[in-house]
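The values are calculated or read from the model by the stated rules, or taken from the named source; none is laboratory data. In this text, all values refer to a predicted model and were calculated from it rather than measured experimentally. Here Cβ is always computed from backbone atoms with ideal geometry, including for glycine, and neighbour counts include all displayed protein chains.
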Amino acid sequence: MKLLRNKSGQITLFIIIALVIVGLAVLFYLFFPKIQVAFGLTPKNPQAFMQNCLEDDLQNSANKLSLQGGSLEPQLYLLYESNKIEYLCYQEEYYLPCIVQQPMLKTHIEKEIKTAVREKVGECLDDLEKTFEARGYSVSLSNGEYQVELLPGIIEVSFSNVLTLTQGEEREVYGSADNPQKKIRVLLHNNIYELISIANSIINWESNYGDSETTIYMNYYHDLKVEKYKQGDGSKIYILTDRIKGDKFQFAVRSVAWPPGI
Amino acid sequence: MNVNEIGKKMKMKKRFNRDKLNAKSSGLIILTALPVLLFIILTIFTLTILSINLITAQTEASAVSTSYCCEKTISGAWCQNAPKESCDETNGLRINPSSCEATSYCKKGYCYDSKEGTCMENAPQKVCELEGGTWTEDTGETPPQCELRCCLIGDQAAFVTPVRCKKLSSLYSLETDFRSDITNEVQCIASASSDVKGACVFEENFETTCRLLTKKECQSFKENYEGNQTKVNFHEGFLCSAEELATNCGPTEETKCIEGKDEVYLVDSCGNLANVYDADRIKDTNYWTKIYDKVDSCGYGKSNGDSKSCGNCDYYLGSTCRAYEVSKDKARPSYGDNICRNLACEYNGQKYEHGETWCASNTKGGIGKESVGGKDFRLVCYNNEVSVEPCAEFKQQLCLQSDVNGFSSAACRQNIWQDCFVQTTQGDCENSDKRDCKWIEGASLANPQEGSLSNQGTTQPFKGTEEDKTAGTNSITGQAIFGGIFGGDDSSKDNEDNKNKGACLPLFPPGYDFWNPNGGDAESFCSMADSQCIVKYQKTALGEKECIENCECLDDSWIDDKMEVCVAIGDCGDKVNFVGKAGYDEGYSTKLKKYEPEETSSKK
């Protein structure tokens, strides 16, 4: 009898603990930015805050685009190892060289990244305001645009918003044209810029000659790995890998395909 | 002499039922290859007519269906010749019943990215302009903005457009020299020269310190130096660790790998690079004083892979600087944590040098073996890794390999078998500059399958050669050599004519999509191996039958000869697949049939 009473007591205790945990979780979710500030978890600098907020999404978008030939939702693609790989040069007929499908690949990828992070950018800017208000700043964030640019070794997201933080006599301005050092920007180390340059060269070869020689690129760029996999329908998958950093870019091509027989 | 029987043989076999061939009783022998089995046997002439009509019909249908130029297809491809139903006509996208080359909207041209200064050839106008590019029609001449010239950037060179050169300058914050007089890439790369390097000595925090810079860099540093500029001095050819410079930089036992360089470098105590790592000279004061060229460093001209004492790695000889790893490197460097990593590969127990490429096959018997589904591969060894590049399916490409001093180079190249069947002489057939064919003396082919050889429209690359043209119209259809049972009134005579000639067949038999119910080439090609033989018997005085004509057709060797032709045509006859398994059927059949006079007359 005593054992039973003890048991029911334990259950009640567990239920109370569970309710407390759930309550805390709800509170944590509702006041997350303020809690972060209170515990000193958020970066003190707006630039670092944005970097911290956006980096993962930027990384995920870059990875997805790299595996899909530079498009978030490829329309003309080849399914390869569960990835929809976009054709960057395509010819439906046999024997003929391909037609370039993405002649402005860099611009296209920049646009795609911009689209992919749009929602998160909005969230991050909102959180930025809330976080610094929670720290006791008077926050003024102007409307602005953001740009994505692929540069050697990095992907840069730069913001044209001007953020003014005021606390008593102290006033800090970020994003002003007068002070480029304090421009709000997010940087991601990624070699996609270099890899798409190689991809463009391969596409040029494919559209002119119907094939490309992978070893030429590996001879010239010592840390580059170029793989070419021919498929049954005459398509080819190219996988470009930076051996040091591990960054990848893969795309499909169908050029001078040969049918079975004649 | 009576003509008792006619022997008809169509297609051949290895595992032939020998009992059937021991034709003591008269009969008609028919061998039939799998893809055409009963169809051809039953209505041989009808088949010919039907097949030609069928092919013609298909060709016409094909011509009609592929004659539209879709600005965009439903599948999303820009500027493709495709059937009308494949074209996307929404959002004002255009279609035209002509080839894309002939349309205004799908002409190919140069797409210029003015921001990057790059050009992409063979781009349609709309695709280019949608993404903000500037399109110029390809008139055979390169537009001025796309002309490549030499851009010297630092100690490197790039063969790029003028705008690209400026862009590179801004991207890498380096001065560039655009040499429009250099119009050749090789010359451009050769003209790249590095600026002289040396110790740039200056004062910092009351200490004399140093950086290893080029003369220009040191000059620039001096101009921006906040202290007394006279205290910034450049010492050409000296290392920062040189004792006579009296800087706070000294020798260490540390090494470093540098991006863009292959060698392992020593590092001084200020973090500046010194000479190439050489364990024997690490305590040598001279080696820490002056800059030594790569050619004057240890082990020059050798790979130095896995060397624990020398860091003069050479990528082209098979090594490059990497951080030492127990699992990857055979020796631990005597000093520092970096080593010349040996980039060679091991594959199936065999060692391959970095940069070697070689051939392999998925076929059980190896490269060149005739098996269904067999494919060649090129294997590539770079940076310790072997990557596999498949050649084209259906044996449309072959892997060729050559070895020079034990270093192998391989490539997938086209299997040029397509016009073998229309070659009429051994010389043309075995002209290896033009095609991959072999001549089989005494062999003959049946139906030329003219449709399959000539119905490919404008895109068919093999439309006959000069020799073919001189052979008249027959050369297109192959009648000159195929002749045979479909061609004339006296089929046996045609066979007889061909018997002493020969047939031109693929050296590397191609694969066919024989499983394709919608008209693959297997049936038409394999049927070329169909064959018949009329065997004549005479009754002896004792009433026994005695073979008097074409008696060799009753021998096993006749079957073997025909099989040789059959398997050379492609995926025909008695073959196994690439894993060594035989098909569900024999791949051919034979029939013996008694001569029927009315049959002969109907043929005629």
I'd like to check something: does segment B:214-226 contain any residue that is at pLDDT below 95 and closer than 17 Å to B:Thr289 by Cα? yes
Here are B:Cys100, B:Cys79, B:Cys70: which of them is touching a Leu at 6+ places or on another chain (Cβ under 8 Å), outside the structural domain of B:Glu523 (by TED's automatic domain parsing) and either at pLDDT below 95 or crowded, with 20+ Cβ neighbours inside 10 Å (or both)? B:Cys70
Specify which of the listed residues (B:Asp278, B:Asp314, B:Asp306) is modelled with pLDDT of 95 or more and within 14 Å of chain A (Cβ to nearest Cβ). B:Asp314
Does segment B:372-382 include one or more residues that are closer than 30 Å to A:Ser255 by Cβ, within 22 Å of the chain's Cα centre (by Cα) and away from chain A (no Cβ under 12 Å)? yes
Kindly establish whether A:Glu145 is away from chain B (no Cβ under 14 Å), without any contact (Cβ under 8 Å) to a residue 40 or more places away in the chain and in contact with a strand residue (DSSP E or B) (Cβ under 6 Å, 6 or more places away or on another chain). no
B:Gln229 versus (1) modelled with pLDDT of 95 or more; (2) touching a helix residue (DSSP H, G or I) at 6+ places or on another chain (Cβ under 7 Å); (3) surrounded by fewer than 22 Cβ atoms within 10 Å (Cβ to Cβ): which is the lone unmet condition? (1)
Check segment A:119-133 and report whether any residue there is within 14 Å of chain B (Cβ to nearest Cβ), surrounded by fewer than 23 Cβ atoms within 10 Å (Cβ to Cβ) and modelled with pLDDT of 90 or more. no
Given (1) facing chain A (nearest Cβ under 10 Å); (2) free of Cβ contacts under 8 Å to residues at least 12 places away in the same chain; (3) at positive phi, B:Cys79 misses just (2)
Hits in segment B:387-400 (condition: more than 9 Å from chain A (Cβ to nearest Cβ) and either surrounded by 17 or more Cβ atoms within 10 Å (Cβ to Cβ) or in contact (Cβ under 8 Å) with a residue 60 or more places away in the chain (or both)): B:Lys395, B:Leu398, B:Cys399
Is at least one residue of segment B:413-428 in a strand (DSSP E or B) and within 13 Å of chain A (Cβ to nearest Cβ)? yes
Tell me, which strands (runs of 3 or more DSSP E) wholly within segment B:147-250 include 2 or more residues that are closer than 30 Å to B:Ser269 by Cβ and not basic (Lys, Arg)? B:197-204, B:207-214, B:233-236
Is it true that B:Gly442 is farther than 18 Å from B:Val565 by Cα and either modelled with pLDDT under 95 or surrounded by fewer than 17 Cβ atoms within 10 Å (Cβ to Cβ) (or both)? no
Looking at segment A:172-231 only, could you name the residues that are on the phi > 0 side of the Ramachandran plot and within 14 Å of chain B (Cβ to nearest Cβ)? A:Gly210
The lone exception for B:Gly132 - which of (1) within 11 Å of chain A (Cβ to nearest Cβ); (2) assigned to a helix (DSSP H, G or I) it fails: (2)
Strands (runs of 3 or more DSSP E) within segment B:291-404 that include 3 or more residues over 28 Å from B:Arg211 (Cβ atoms): B:345-347, B:350-352, B:357-361, B:376-382, B:385-390, B:397-404
Scan of segment A:88-98 for residues that are facing another protein chain (nearest Cβ under 7 Å) and buried (at least 24 other Cβ atoms within 10 Å of the Cβ), ordered by number: A:Tyr90
Being in a loop (DSSP other than H, G, I, E, B), within 11 Å of chain B (Cβ to nearest Cβ) and in contact with a helix residue (DSSP H, G or I) (Cβ under 7 Å, 6 or more places away or on another chain) is the filter here; which residues of segment A:232-257 pass it? A:Gly232, A:Ser255
Exactly one condition in (1) touching a residue at least 24 places away in the same chain (Cβ under 8 Å); (2) at positive phi; (3) in contact with a Phe, Trp or Tyr (Cβ under 9 Å, 6 or more places away or on another chain) is not met by B:Gly117; state its number. (3)
All positions within segment A:225-240 that are touching a Phe, Trp or Tyr at 6+ places or on another chain (Cβ under 6 Å) and under 15 Å from B:Cys381 (Cα atoms): A:Val226, A:Lys228
Based on this model, can you work out whether A:Ile198 counts as free of Cβ contacts under 8 Å to residues at least 60 places away in the same chain, β-branched (Val, Ile, Thr) and either surrounded by 18 or more Cβ atoms within 10 Å (Cβ to Cβ) or outside any strand (DSSP E or B) (or both)? yes
So which residues in segment B:165-176 are surrounded by fewer than 19 Cβ atoms within 10 Å (Cβ to Cβ) and at pLDDT 90 or above, if there are any at all? B:Lys166, B:Ser169, B:Ser170, B:Leu171
Taking into account only those residues within segment B:267-307 that are of a type in the set (Ser, Thr, Tyr) and more than 45 Å from the chain's Cα centre (by Cα), which is surrounded by the fewest Cβ atoms within 10 Å (Cβ to Cβ)? B:Thr285
